[in-house]
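These notes are about the structure you will find just below.
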Amino acid sequence: MRTITVAGHGTAYATPDTAEVRVVAVHRDSGLSEALAGAESAREGVVTTSRRYVDASRVASTNLSVWPAHDHEGRPAGYEARHSLTIRCDDLVQAGALVTALAADVGHRLQVESVSLVVADTSEPLRLARERAFADARARAEHLAGMAGEGTAGGVSLGGVQAITEGGAPSPPVPYAGDLRAAKAEASFEPGETAVSASLTVVFELAPAG
């Protein structure tokens, strides 16, 4: 049995509806325990403020690190502790208010690493992207089959699908990054569109035309 294998690609677009806010509670002090205690205090501030906007289950610690700190001339300057957290907010307007409140409440001990706008449920755009990927694969296969049949008595055409392999994943969100420690106006975000992509490798049977 003769076959032809092609790769198809499809993309659909969806409007982000969820914000993933990544922040760091930071404190620098002369001693290790003092740096840890300060970072813990800042973390408590982050959690307390966040729970005014989202459920407690939406706030998660992701990393805690402590290391020797140095001044701008490279001299030892105590220790710096950093406690990283991710806050997931299902409302983009609330996400802006959350970031603004964190900046006001936690102050100079807060760093905003990024705000990623994502689509919470990609099932529908992914379904559409798969359909477009399959249509793209079929169009490529028909083109190639037409070229393969040129000069051949009777030519060839596409037969049934013998195999499909899926690859690819939704495109990653584009983060909004910035240090909002001195923010005075309320933060807000424009959702725009997020691309969701799918890739399929399809094996078609080649059959005699007609």
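The values are calculated or read from the model by the stated rules, or taken from the named source; none is laboratory data. Here the structure is a predicted model, which means the values were calculated and not measured. Counting neighbours? That spans all protein chains shown, and the Cβs are built from the backbone with ideal geometry, glycine included.
Quick notes on this one:
- When ARG28, ARG82 are screened for being in a strand (DSSP E or B), surrounded by 14 or more Cβ atoms within 10 Å (Cβ to Cβ), in contact with an Asp or Glu (Cβ under 7 Å, 6 or more places away or on another chain) and charged (D, E, K, R), only ARG28 passes.
- Condition check for ALA135: at pLDDT 90 or above and surrounded by fewer than 17 Cβ atoms within 10 Å (Cβ to Cβ): yes
- Which listed residue, of GLY78, GLY10, is at positive phi and in contact with a strand residue (DSSP E or B) (Cβ under 8 Å, 6 or more places away or on another chain): GLY78
- Residue in the range 38-45 that is at pLDDT below 95, surrounded by 12 or more Cβ atoms within 10 Å (Cβ to Cβ) and either closer than 30 Å to VAL203 by Cβ or not acidic (Asp, Glu) (or both) present: no
- Boolean, VAL106 is buried (at least 17 other Cβ atoms within 10 Å of the Cβ), of a type in the set (Val, Ile, Thr), in contact (Cβ under 8 Å) with a residue 40 or more places away in the chain and in a strand (DSSP E or B): no
- Test: residue in the range 22-45 that is closer than 30 Å to ALA133 by Cα and either of a type in the set (Ser, Thr, Tyr) or within 25 Å of the chain's Cα centre (by Cα) (or both): no
- Scanning the range 70-83 for residues that are over 21 Å from VAL106 (Cα atoms) and not acidic (Asp, Glu) returns HIS70, HIS72, GLY74, ARG75, PRO76, ALA77, GLY78.
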